[in-house]
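Working notes, structure below.
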Amino acid sequence: MSAYSDSIIVPYDFTEKADFAVKHAAIMAKNMNAEVILLHIVKKEDQSSEAEGKLEEIAAKHTSNLGVNVRHVTREGTIFKTINEVVEEMKSVCVVMGTHGMKGMQKITGSWALKVIVGCHVPYLIVQKEPEYHEVADILFPVDYKLETKEKLKWVSMLSYISKIKVSLLGQQGNGPMYDTPTKANMNFCKKYLAEREIEYEVVWLDQKGSFYELSLKYAKEHNSDIVMITTTRDIAFHDYILGAYEQHVIANEYGIPVFVVNPRSEVKLAYQNF
């Protein structure tokens, strides 16, 4: 029996981006027979009552318009801790969060979205605009040389369980044996994993030089991928935020492509156990 409930958390701050996130979450929720929970975070408890009335109206509107059950909760705290605390409390399967990209001081200190994501045991879907798909069908799955890239596969299985998907396994060659050899090994592992589960896939090798993830985003845009799936850097540190971890540029990508972000945690227990 799964320890997870059928719920999706949407951090909600009354912005247009948050409403975009609700629409993305609703698409997933319909296929999962799940509910969407709007999470509003306040700095002080006495701010809760003012927000509750607005949230009640918004949740009712989305329930009516989107055809899924949408409810709301308000918590005192900060986005950096409270979202993941509520994920634990609600036993939610994932978080869908809108982002405004990297602006102002975030260009120096790193993406706030990435700081929120790191450390959570469930994935985040980061979105910037309204969904351009009716269900998640085409997934771009970059395959690099890192061991943790394999950890995305269990979440591919989760998505395949709720809708019919096609996975594009995208790799890059020409970086030397130190990188090419483990990349090929990871690609072979991914192919075997998907084939065993009868998940449709294709293999694409890039021969262009340059940033693998910049090329991946360009490929996703040109081929109309619904989402790009990445993992965060294992044990990401403060200096990564300052120097600019690749993840923060991917999740705030210029194309506005939704990004499904998985934290590499070997002890993750999946929402669905029959993968």
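Results, tabulated for the structure shown:
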| quantity | calculated |
| --- | --- |
| Residue within region 91-103 that is in a helix (DSSP H, G or I), of a type outside the set (A, V, I, L, M, F, W, C), at pLDDT 90 or above and open to solvent by 10 Å² or more (accessible area, probe 1.4 Å) present | no |
| Filtered residue count, region 137-191, keeping only those that are among the basic types (K, R) and over 23 Å from D226 (Cα atoms) | 2 |
| Cross-chain or 6+ apart pairs with Cβ under 9 Å, region 25-46 first and more than 13 Å from I9 (Cα to Cα) and part of a strand (DSSP E or B), then acidic (D, E) and open to solvent by 40 Å² or more (accessible area, probe 1.4 Å) | V42/E50; V42/E76 |
| Answer residue from region 64-78, given it is over 15 Å from Y12 (Cα atoms) and under 24 Å from the mean Cα position of the chain (by Cα) and is least open to solvent (accessible area, probe 1.4 Å) among those | V68 |
| Residue in region 173-185 that is closer than 22 Å to P123 by Cβ, open to solvent by less than 60 Å² (accessible area, probe 1.4 Å) and hydroxyl-bearing (S, T, Y) present | no |
| Test: residue in region 141-151 that is farther than 18 Å from N253 by Cβ, open to solvent by less than 30 Å² (accessible area, probe 1.4 Å) and within 12 Å of the chain's Cα centre (by Cα) | no |
| Unique residue being touching a Ser or Thr at 6+ places or on another chain (Cβ under 8 Å), more than 25 Å from W155 (Cα to Cα) and either of a type in the set (G, A, S) or at pLDDT 80 or above (or both) when the list is A113, A60, A51 | A51 |
| Close pairs from region 171-193: first farther than 20 Å from L153 by Cβ, partner open to solvent by 30 Å² or more (accessible area, probe 1.4 Å) and of a type in the set (A, V, I, L, M, F, W, C), Cβ under 9 Å, at least 6 apart | Q173/W205 |
| Filter pass, V86 being closer than 21 Å to C120 by Cβ, open to solvent by less than 20 Å² (accessible area, probe 1.4 Å) and either touching a residue at least 40 places away in the same chain (Cβ under 8 Å) or not in a helix (DSSP H, G or I) (or both) | yes |
| Tally of residues being surrounded by 15 or more Cβ atoms within 10 Å (Cβ to Cβ) and either under 18 Å from H249 (Cβ atoms) or not hydrophobic (A, V, I, L, M, F, W, C) (or both) across region 192-205 | 2 |
| Region 5-61 - residue that is within 16 Å of S92 (Cα to Cα) and among the acidic types (D, E) and, of those, surrounded by the most Cβ atoms within 10 Å (Cβ to Cβ) | E35 |
| Residues being crowded, with 19+ Cβ neighbours inside 10 Å, at pLDDT below 90 and not β-branched (V, I, T) - total across region 130-140 | 0 |
| Verdict on V70 being without any contact (Cβ under 8 Å) to a residue 60 or more places away in the chain, in contact with a helix residue (DSSP H, G or I) (Cβ under 6 Å, 6 or more places away or on another chain) and not small (G, A, S) | yes |
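The values are calculated or read from the model by the stated rules, or taken from the named source; none is laboratory data. This is a predicted model, so every value here is computed, not measured. Neighbour counts run over all protein chains shown; Cβ positions are idealised from the backbone, glycine included. These accessible areas exclude ligands, DNA and RNA; they are computed on the full protein's heavy atoms, side chains included. Shrake-Rupley method; radii C 1.70, N 1.55, O 1.52, S 1.80 Å.
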